[in-house]
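The values are calculated or read from the model by the stated rules, or taken from the named source; none is laboratory data. Source: prediction; values computed, not measured. As a convention, Cβ positions derive from the backbone with ideal geometry for all residues, glycine included, and neighbour counts pool all protein chains shown. Please note that ligands, DNA and RNA were not included when accessible areas were found on the heavy atoms of the full protein model with its side chains. Shrake-Rupley method; radii C 1.70, N 1.55, O 1.52, S 1.80 Å.
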Amino acid sequence: LLLLLFSRRRREGEPPLIKGWIPFLGKALEFRNDSYQFLQQLQKCHGDVFTVLIAGKYMTFVMNPLLYPAVIKQGKQLDFHEFSDAAASTTFGYPAVRTGRFPGLSDKIQRSFLLLQGFALNSLTLTMMGNLQLVLQQDFLSSHEVGSVCDWREEGLYEFCERVMFEATFLTLYGRPTHTNSDVHAHFHRERWIDALRDNFRKFDAVFPLLIARIPIGLLGRTKSIREQLIRFFHPQRMAEWTSPSEFIQARKDIFQQYDTLKDLDKAAHHFGILWASVGNTIPACFWCLYHLLSSPQAFSVVREEIMGLFGEKEPESVLSRDILTREQLEKLIYLESAINESLRLSSISMNIRVVQEDFCLRLNPHSSVCVRKGDIVALYPQSTHLDPDIYPNPQQYQFDRFVDNGKVKTEFYKGNQKVRYYHMPFGSGATMCPGRFFAINELKQFLCITLLMCDMQLNAGQQHATMDKSRAGLGIMPPANLISFRYRVKKNSI
Ligand code: HEM
């Protein structure tokens, strides 16, 4: 097999082929080291489309965003579920969904995603707002003597984002495990079930890239038992007792109930997978959004003014409640939205992957096409678009208002004189686009509004700039590589 793989030669009509000199691995090490630089270099030498052997897979990269529509629209011969379904089931530990054992399950799961959008998003937004405030209030009450809530507190910025978003998102989606108490004033007796869950989650997340790369879980130390504990947390018998789950999670519970072929722990593993999807990217995204705002006084003051503008004469801290900042109000915050989009542009390194179903020639534009083979992968690498100086001048620079034009959301971006349709892709593209994207953007807006309204915050002086941990390149929003600490205190009227 190795010999077969390595002896592949480029055929007429196929893109340039780069195999490297190491059988099977091909260019895997260079790709892993710095995928962006590596692909930029290949684009310079070989043009916009080329095929690279990476760890046993032939991957055809389409690098020019003006060619993306050809890939995104091509549904028949490029399958978008094959890769992600297989990767997700082995990573989270449930049986593959698209098999005869679970007829119709995949479609039902896809339909459940609609409950993260549209009308259902209103109640998710409302619940999230209540939970964000609750988590911050509990946090302060449990760590401060009553009466001294205004003391400064120092913490890692990432750890803060993780703590707040993990708990608030969990409560919003899954509801409240019954053994916990939602009363803010019972904070001193609070069981820290969420801390244990988050700790395990963090350990699992650290090896997530290896699991996605199909390294057998048995080779990854304690990961198997940590994953088992995480899955057991979502056992249907336990979940049946949790109060007020979201419509989304309730619908998924009902769907799984219809399948006798799904064991209890399989159902639990599906719920665990959604936990990862819902916070795995949102937490690092919160970090970058807050970090960029705190590092840029101009951005901070424009965004803060915009949020304060929603409250007219009233002091925002004194009107904090679950009903403030409705979905419509959040939609009006275009500078905030632009700042978020800019942080996502700079911190997202994802890949859009399609598996070729049969040998065929992909038409890229009226003048050219490339031939690809069954079983190969066609990949888009949006970071090269996000950092393209033609589309985004000074692409490495944070410009919070890049996505605002004449007081409106800016949606027109050009490469040369051609309009680029897919200029911003942190959530993927086409049929595989993240179904949680509207909820995610709302959550980010809410997190930033609430922290800006409830807290005074400052980055600690004399620190190095935050850099990205690129070991997770390809998987979404990169976490920071270095510790960034900040200090914050809650404002008097917010509790
Ligand atoms: C899939 C990004 C937040 C649920 C994805 C994909 C990306 C992505 C890139 C894969 C798309 C593809 O394969 O082309 C993000 C980012 C987020 C975020 C950057 C935050 C900033 C969320 C949230 C949820 C969510 C809050 C809520 C539950 C999902 C699900 C999938 C997914 C369920 C898999 C969809 C499928 O299997 O068809 N996300 N996501 N995501 N995301 Fe998100």
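Some notes on this structure:
- Residue selected from segment 58-84 under the condition out of contact with any Gly (no Cβ under 9 Å at 6 or more places or on another chain) and charged (D, E, K, R), by the criterion farthest from the ligand (Cβ to nearest atom): LYS76
- The lone exception for ALA96 - which of (1) touching a helix residue (DSSP H, G or I) at 6+ places or on another chain (Cβ under 6 Å); (2) buried (at least 16 other Cβ atoms within 10 Å of the Cβ) it fails: (2)
- Residue selected from segment 413-429 under the condition at pLDDT below 95 and buried (at least 19 other Cβ atoms within 10 Å of the Cβ), by the criterion farthest from the ligand (Cβ to nearest atom): SER429
- Remark: pairs (first residue in segment 356-370, touching a residue at least 60 places away in the same chain (Cβ under 8 Å); second residue among the basic types (Lys, Arg); Cβ separation under 7 Å; 6+ apart in sequence or on different chains) = VAL356/ARG373; VAL356/LYS374; GLN357/LYS374; GLU358/LYS374; SER369/ARG363.
- Selection status of ALA55, surrounded by 15 or more Cβ atoms within 10 Å (Cβ to Cβ), under 31 Å from the mean Cα position of the chain (by Cα) and within 16 Å of the ligand (Cβ to nearest atom): no
- Within segment 352-364, if we keep just the residues that are open to solvent by 40 Å² or more (accessible area, probe 1.4 Å) and under 15 Å from VAL49 (Cα atoms), the residue that is nearest to the ligand (Cβ to nearest atom) turns out to be ARG363.
- Looking only at segment 335-351, and only at residues there that are touching a residue at least 60 places away in the same chain (Cβ under 8 Å) and open to solvent by 10 Å² or more (accessible area, probe 1.4 Å), the one that is nearest to VAL303 (Cα to Cα): TYR335
- Inspection of segment 236-245 identifies no residue that is within 30 Å of ALA55 (Cα to Cα), charged (D, E, K, R) and assigned to a helix (DSSP H, G or I).
- Only one of the listed residues (ALA473, ALA440, ALA466, ALA481) is more than 16 Å from the ligand (Cβ to nearest atom) and crowded, with 18+ Cβ neighbours inside 10 Å. That residue is ALA466.
- Qualifying position, being open to solvent by less than 30 Å² (accessible area, probe 1.4 Å) and either within 14 Å of the ligand (Cβ to nearest atom) or within 25 Å of ILE353 (Cα to Cα) (or both), among LEU105, LEU134: LEU105
- Among the conditions (1) within 16 Å of the ligand (Cβ to nearest atom); (2) farther than 17 Å from THR169 by Cβ; (3) surrounded by fewer than 18 Cβ atoms within 10 Å (Cβ to Cβ), the only one that ALA269 does not satisfy is (3).
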